[in-house]
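Only the coordinates and a few stated rules stand behind these numbers; no lab work does. Note that the coordinates shown come from a computational prediction; the quantities given were computed from them, not determined experimentally. Backbone-built Cβ (ideal geometry, glycine too); neighbour counts: all protein chains shown.
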2 protein chains.
Amino acid sequence: MDTVPRYGYGVPRVADHEARRRQVAEAVEQLIADDGYDGVTVARTAARAGISVGLVQHYFATKDDMLLHTFTLLRERVERRTMHDADRAGQAGERIEHILVPALREMLPLDERRRRERRVLQAFAGRAVENPRLAEALRASDSHLEGVLARAIGNGKLCGEVVDDVNEADEAALLLAHVDGLAQLLYFDPARSAAESALADHVHRLFPGPCNHPRP
Amino acid sequence: MDTVPRYGYGVPRVADHEARRRQVAEAVEQLIADDGYDGVTVARTAARAGISVGLVQHYFATKDDMLLHTFTLLRERVERRTMHDADRAGQAGERIEHILVPALREMLPLDERRRRERRVLQAFAGRAVENPRLAEALRASDSHLEGVLARAIGNGKLCGEVVDDVNEADEAALLLAHVDGLAQLLYFDPARSAAESALADHVHRLFPGPCNHPRP
DNA sequence: TCCGTTGTCATATCGCCATACGGTTATTCG
DNA sequence: CGAATAACCGTATGGCGATATGACAACGGA
């Protein structure tokens, strides 16, 4: 992922490629959040990022690449933030449930920042139906999250919090789908605080047992 | 689908306004399903509907109106299909749960037709973030469905299927959100049959009790 | 020092699309 | 029968936006 060749041979005028791309992606994200997906034009993006149209082209061959990269960075950021804790679920001897709930809660649009984020993700999701590359990226990103959750559920089985006969892949997908639905609900109806407890309930039903095998 | 009014000559003075608008909306829906939202242009829509650009303009002042009307008709159709049964939940003496589950199942993309439908709805949902009129229409449509569900849950309370201390408005919203998440999941992963049982489980948890007061 | 490469910019091009417009046909009503 | 009117068509227009192009600047290497 980060193994980009770095392009560092005896070349002149070395700029930080990744930083520039991040800068542009940041501008795109802001534009989507403010004006929607259709509000994104190469010209406006350049202006927002404080650079020229030509430079944007220099870093992204096509507008589509630009959007895709924006989406990728955004998802990576969300995943990093969300799953930072969840990934070591079952290692600390604490109940996995108690690690998972706040982690997943992080995905809900509970403040302005995350509402903006949701807005952008929603716009991307809408385009995914007509943009195969975006659809693939979305799928990949979801698969990754599902993998992390499935592992957490697997750990739950090992330590007795989860009953043995659940299919962790299914349950991970279902949990993620539920969280997504709740996020959608909260986006359009921020007052529905019941969504938060619904999330907790879901996780609680998944992890009903006590933690029998706390790690040292 | 094939019920295009065929415009028999000899009726030009007064044409069936609503039928024409339906015809155009139908074309729009097909275009979105086939080529995505951005694939919809007035010209292509006219071609698809077998009429001229000018005529489309004659029936819709603006492209936005055209799209909005398409969305409205689509949602109405889905609601009608879905809630036809659910609305008389608790009247026949049958368990409400057993009426609600197949009704809500209807919203899941379980066959090609509904996958196409989902595709279109997803595209619309994506634009709703940047289109206030669409957002409002979506909200209104959801509210309506929530109302129907809330009433069903209320009936459940009356006849003992639902415990008394649930908030039916909250539960209706949560149920709908869950169904939406599951629909999304199934769209991208049609093989996840666990989604269907998840829906049934949710409803079953909501309606745990027996039906004590069957109507005559 | 000078060459080649890369970073950067400004502007040109070219297609597409929503909407505007003017014309034609065919009813209905008086 | 003859306006008046609504359904309907084809094309013009004007703007916007992605991408192409060509020029210039800075810097590393020989």
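How are the C-alpha pair distances of region B:85-216 spread across 10 Å bins, as whole percents from the shortest bin up?
12, 40, 32, 14, 2, 0
If each label sits 7 angstrom from Cα along the C-beta direction, how far apart, in nm, is B:GLU196 from its counterparts in the other copies?
Spacings between copies for this position, smallest first, are 3.7 nm.
With just the Cα atoms defining each centre, how far is region B:17-64 from region B:184-215? Give it in Å.
Region B:17-64 and region B:184-215 have Cα centres spaced 37 Å from each other.
Could you work out how far apart the two model spin labels at B:ALA47 and A:ARG151 are, taking each label as a point 7 Å from the Cα in the direction of the beta carbon, and quote it in nm?
Spacing of the two 7 Å Cα→Cβ label points: 5.0 nm.
DSSP loop trypsin sites (Lys or Arg not before Pro) in region B:10-117 with at most 16 other Cβ atoms within 10 Å of their Cβ, which ones?
Here the trypsin sites (Lys or Arg not before Pro) that fit, given the DSSP loop and packing criteria, are B:ARG13, B:ARG88.
Less than 16 Å apart at the alpha-carbon level, and either on another chain or at least 8 residues along: which aspartates and glutamates does that give for B:LYS63?
Partners within reach: A:ASP38, B:GLU26, B:GLU29, B:ASP38, B:GLU130.
Below 8 Å between Cα atoms, with a sequence gap of 6+, how large is the relative contact order for chain B in percent?
22
Taking the label point 7 Å from Cα in the Cβ direction, how far apart in nm is B:GLN57 from each other copy of itself, listed shortest first?
Values, ascending and in nm: 3.3.
So if I take the centroid of the Cα atoms in region A:75-150 and the same for region B:81-155, what is the distance between those two points in Å?
26
Mind listing the label-point distances from A:THR72 to the same position on all other copies, shortest first, one decimal in nm, points 7 Å along Cα→Cβ?
4.3
Give me, ordered by chain and number, the residues 5 or more places off A:THR41 or on other chains with an amide H under 5 Å from its own placed amide H.
none
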